[in-house]
1. Amide H neighbours of Leu18 under 5 Å, at least 5 residues apart or on other chains, H built in the peptide plane: list them.
2. Got a number for carbon plus sulfur as a percent of the chain's accessible area, 1.4 Å probe?
3. Could I have the simple spin-label model distance between Asn142 and Ser74, label points 7 Å from Cα toward Cβ, reported in nm to one decimal?
4. Averaging over every viewing direction, what projected area does the convex hull of the Cα atoms of segment 1-105 cover, in nm²?
5. Quick one: compute the contact order of segment 75-233, relative version, from alpha carbon pairs under 8 angstrom and 6+ residues apart, as a percent.
6. Could you do me a favour and compute the accessible area per residue for the chain, 1.4 Å probe, result in Å²?
7. Give me D for segment 103-157 in µm² s⁻¹, whole number, from Stokes-Einstein with Rh from the Kirkwood sum over alpha-carbon pairs, 20 °C and 1.002 mPa s.
8. Counting C-alpha atoms alone, how compact is segment 136-233: give Rg to one decimal and Dmax as a whole number, in angstrom.
Amino acid sequence: MDLTEELKGLLLQSGAVLVGVGDLKGIGERRYGIGISVAVSVPKRIVRELKDAPTKEYYEMYYALNDKLNKIVSDGERFLREKGFDAYAQTTDRVDIDWNRSSKLPHKTVATRAGLGWIGKNGLLVTEEFGSAVRLSSLLTNAPLKCDEPVDASRCGQCSLCVEKCPAQALEGVLWESGMEREKIVNVEKCFEKQMEVMYKATGIETDLCGKCFAVCLYTQKYLKGNYGDSET
């Protein structure tokens with residue numbers, strides 16, 4: 001088994017449902033030329049509830065999945081360092097969010113480079129297997145890994161369900177292409193303000209979570225109706 005297969009196997013064994021390796025040349029941290037993207041799926045029962053409003057269970061699961069992702073990428077970092085390579089897990093405590101609610105190298109950017117999916121009209125990663133019902137993390141390295149084929153363009157086509165259902169009307173309905181600025185897809189401030197509003201109204205919790213735009217996605221609905229992944233957990 002080569003290094004790439006061994007690493008992917010480790011990350012899947014640690015709990016990832018999707019793993020990809022991307023070439024980061026020209027983007028992100030110049031110290032690292034390779035990005036490993038990992039995803040975990042949001043349980044189906046929680047996604048179904050988001051069609052109406054965000055829930056306390058979604059809030060709790062959101063942070064539980066973040067903790068799970070932190071462990072997965074930390075396991076990968078340790079594995080690569082033990083092999084003699086430099087590696088950096090982009091855990092939640094290491095990622096700085098700036099004034100524009102963005103990070104230097106977003107997980108979803110690594111995910112598109114690693115072939116996991118594309119950026120939908122909802123401004124989130126969309127995967128063939130789970131739609132946007134995923135949480136993401138990433139791991140950076142200089143290890144000589146075999147890269148997967150990147151995804152450079154949207155596969156949303158004419159579908160605009162997320163745009164129509166967005167409570168904030170913050171989505172522009174634009175088809176993404178690699179390198180496109182986030183602001184052409186979503187009005188971040190309108191999205192943030194409405195998330196705070198709907199989350200507090202539904203749960204009494206003051207945080208920016210909503211979820212409707214990914215719950216209604218046709219690819220997410222395909223995940224809910226299919227047999228791929230866990231059934232209800």
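1. For Leu18, whose amide H was placed from the backbone, the distant partners under 5 Å are Ala39.
2. In the chain, the share of accessible area belonging to carbon and sulfur is 48 percent.
3. Between Asn142 and Ser74, the label points sit 2.5 nm apart.
4. Numbers: hull surface 33.5 nm².
Answer in nm², one decimal: 8.4.
5. Rounded, it is 24 percent for segment 75-233.
6. 51 Å²
7. Rounded to a whole number, D works out at 181 µm²/s.
8. According to the Cα coordinates of segment 136-233, Rg and Dmax are 16.6, 49 Å.
The values are calculated or read from the model by the stated rules, or taken from the named source; none is laboratory data. All values derive from a computational prediction rather than experimental measurement. Every residue, glycine as well, gets a Cβ built from its backbone with ideal geometry; the counts of neighbours run over all protein chains shown. Areas reflect the complete protein model, heavy atoms only, side chains present, ligands, DNA and RNA absent. Shrake-Rupley method; radii C 1.70, N 1.55, O 1.52, S 1.80 Å.
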